[in-house]
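The structure appears right after this line, and notes come after that.
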Amino acid sequence: MGDLREMLHRVADLIADYRETLPDQHVAPSLGRAAVRESLARELPDGPASLASVVDELVSRAMPGLMASAGPRYFGFVIGGSPDAAVAADLLTVGWDQCAYNEALSPAALAFEDVAGTWLKELLGLPASASVGFTTGGQGANTVGLAAGRWKVLEQVGWDVGRDGLGGAPRVRVVAGAERHATIDRSLRLLGLGESAITEIPALANGAMDTDALQVVLRRQPDMPTIVSAQAGNVNTGACDDLNAVTSAAAEVGAWVHVDGAFGLWAAANPGTKHLVAGIGAADSWACDGHKWLNVPYDSGFAFCAHPDVHAIAMEYTASYLTGQVAGRMFGGGDFVPESSRRARGFATWAALLALGRFGVADLIERSCALARYAAMLLERLDDVEVVNEVVLNQILVRVGDAELTSSVEQLIQADGTCWLGATTWRGERLLRISVSNWSTTERDIELTVDAVGRARAEAVALRAEESTR
Ligand SMILES: *Cc1c(COP(=O)(O)O)cnc(C)c1O
């Protein structure tokens with residue numbers, strides 16, 4: 001045990017050193033996957049290795065391949081950092097090594113999920129009676145919400161999908177926006193509904209679902225078992241579907257409404273952005289991430305359902321050796337997610353929420369949005385640079401001249417290392433995509449990033465001129 005104590009102190013120092021220097025690090029790693037693998041590759045030794053040698057090799061080989069995505073100038077995808085309280089809680093979670101399947105395995109893991117879940121529902125404007133499953137992320141939560149919807153809409157037409165599966169079942173229609181997240185399609189494949197179950201609703205100019213078109217589609221086949229998959233937070237533009245319109249159109253025909261709000265659901269926790277998700281509480285299921293905008297360390301997501309009995313029936317199982325599996329029991333843990341043995345994710349979420357408080361969460365969301373607007377304003381002042389979307393949340397789409405120049409800037413900026421941002425193809429056009437999601441990002445970080453975009457653009461223009469004279 002002496003060895004472990006000493007090693008944990010050392011590891012604590014390594015982690016603290018890493019995190020302290022994050023703001024000054026070259027954001028992209030110095031080595032790629034193949035180079036890191038090469039530096040490690042050898043036969044698995046026959047004999048054991050000492051604790052110190054394992055940790056030494058792990059640290060020295062991994063560090064050059066780490067992306068500083070937890071730092072303040074990482075703007076790729078939608079990636080949060082991890083505030084100190086959540087890091088500490090997650091380290092304890094590893095040390096305690098609890099299995100969060102049920103109360104018999106870890107009363108504390110379940111109780112912290114209960115309380116964190118209650119806080120989450122309050123912050124996100126969801127019904128207090130909704131059930132909560134702690135998932136691996138948005139993909140997991142989308143799968144859970146859609147599974148609950150699949151069960152319910154089939155039950156409404158007299159089909160028990162849990163017992164009889166989908167062979168011979170009435171066809172389920174999933175009505176979703178053209179700019180839904182790709183994880184929705186994967187969830188539908190996994191659930192056996194298939195991509196062809198999707199009836200696609202065109203997007204408005206901002207990327208949100210055209211809810212007039214939704215209403216027409218739903219009314220055309222009012223009796224078909226239907227799930228409407230709506231979105232809060234378009235991954236390119238940040239736009240949110242009009243959830244009041246979605247939920248009232250769905251109510252007319254008794255359709256299930258699932259909301260993919262992996263990051264956008266957090267708009268509800270901030271008075272300044274709450275209006276974007278008005279109507280949120282009237283849906284049937286919701287998916288949200290902890291590891292994106294709440295900045296809980298990976299991995300962390302939440303599946304909420306307005307109908308706990310449906311949620312449980314779609315997910316739970318019982319077995320003779322599981323104690324307390326009787327009617328009227330308290331559901332939780334493994335009953336609301338597809339995993340059985342599972343990490344105790346409630347601790348880190350609880351810690352992040354307690355450390356921030358209600359106002360701290362609102363401030364995190366408000367500040368990210370304000371920094372995104374600040375970035376958009378500064379970017380617009382650069383030559384050749386145009387912000388393409390209306391910056392309603394934390395997402396910014398940027399055109400630099402044309403597609404070729406934009407791609408060239410993307411590569412140059414990633415190599416420069418001041419910041420990291422990626423590109424996307426939105427409506428056929430190659431654009432830079434900036435997502436401001438990290439709790440530690442400051443105005444200064446935005447200024448340094450915009451300067452880096454300006455430098456990369458100048459360099460890209462010079463490179464192009466050089467090539468054309470050759
Ligand atoms: C990120 C994202 C997802 C997937 O979430 P993961 O946590 O990566 O599984 C789903 N939908 C939207 C809108 C997202 O932004």
Which of the listed residues, Ala287, Asn236, Thr93, is farthest toward the dipole's positive end in the chain, when Lys, Arg count +1 and Asp, Glu count -1 at the beta-carbon? Ala287
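Calculate the translational D of the chain in whole µm² s⁻¹ from Stokes-Einstein, where the hydrodynamic radius comes from the Kirkwood formula applied to all Cα pairs, the temperature is 25 °C and the viscosity 0.890 mPa s. Can you show the working numbers first?
On the way: Rh = 23.8 Å.
Using the Kirkwood radius from Cα pairs, D works out to 103 µm²/s.
Ranked from highest to lowest mean number of other Cβ atoms within 10 Å per residue, what is the order of the peptides 53-64, 346-357? Could you put the intermediate results ahead of the total?
Working: 53-64: 12.9, 346-357: 22.5.
Ranked by mean Cβ neighbours within 10 Å, highest first: 346-357, 53-64.
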So if I take the centroid of the Cα atoms in the range 103-143 and the same for the range 45-81, what is the distance between those two points in Å? 29 Å
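If you scale each eigenvalue of the Cα gyration tensor by 5 and take the root, what three semi-axes come out for the range 97-213, rounded to whole angstrom and sorted largest first?
Output for the range 97-213: semi-axes of 30, 21, 13 Å.
If Rh is defined by the Kirkwood formula over all Cα pairs and Rg also comes from Cα, what ratio Rg/Rh do you get for the range 181-340?
Values: Rg = 16.9 Å, Rh = 17.1 Å.
Answer for the range 181-340: 0.99.
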So if R0 is 22 Å, what FRET efficiency would Tyr317 and Thr118 give, r being the distance between their Cβ atoms, rounded to the nearest 0.05? 0.30
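Counting each DSSP H run of 4 or more residues in the chain as -39500 (n - 2.57), what helix-only mean residue ellipticity at 222 nm follows after dividing by all residues, to the nearest 500 deg cm²/dmol?
Working: 14 runs with 207 residues, N = 470.
That comes out to -14500 deg cm²/dmol.
Let me have the relative contact order for the range 53-157, percent, based on Cα pairs under 8 Å that are six or more residues apart. Before the final figure, lay out the partial values.
Details: 31 pairs, mean separation 9.1, N = 105.
Averaging sequence separation for qualifying contacts and normalising by length gives 9 percent for the range 53-157.
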Aspartates and glutamates with Cα under 16 Å of Lys292, excluding same-chain neighbours fewer than 8 positions away: Asp84, Asp90, Asp260, Asp363, Glu366
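Largest first and in whole Å, give the semi-axes of the range 276-429's equivalent ellipsoid, each being the square root of 5 times a Cα gyration tensor eigenvalue. Mind showing how you got there, number by number?
Working: eigenvalues 352, 62, 54 Å².
With the √(5λ) rule applied to the range 276-429, the semi-axes are 42, 18, 16 Å.
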Fewest Cβ neighbours within 10 Å first, please rank His307, His275 accordingly. His275, His307
Between Ala108 and Asn244, what is the label-to-label distance in nm when each label sits 7 Å out along the Cα-to-Cβ direction? 4.6 nm
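Which FRET efficiency, nearest 0.05, do Ser50 and Ala462 yield, Cβ-Cβ r, R0 45 Å?
Numbers: r = 53 Å, r/R0 = 1.17.
For Ser50 and Ala462, the calculated efficiency is 0.30.
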Give the lysines reachable from Lys152 as a straight Cα distance under 25 Å; neighbours fewer than 8 places away on the same chain don't count. Lys121
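For the range 131-181, run through the trypsin sites (Lys or Arg not before Pro) and keep only the ones in DSSP coil with at most 16 other Cβ atoms within 10 Å of their Cβ. Please list the in-between numbers first.
Numbers: sites: Arg150, Lys152, Arg163, Arg171, Arg173, Arg180; in loops: Arg171, Arg180.
The qualifying sites are Arg171.
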Applying the span-like rule to the chain (DSSP H, Cα extent along axis at least 20 Å, Kyte-Doolittle mean at least 0.5) gives 107-124, 346-380
Expressed as a rounded percentage, what relative contact order does the chain have, with Cα pairs under 8 Å and six or more residues apart? 22 percent
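Read the figures in this text as sums done on the coordinates, not as results from a lab. Note that the structure is a prediction, hence the values are computed from the model and not measured. Ideal geometry is used to build each Cβ from the backbone, glycine not excepted, and the neighbour counts take in all protein chains shown.
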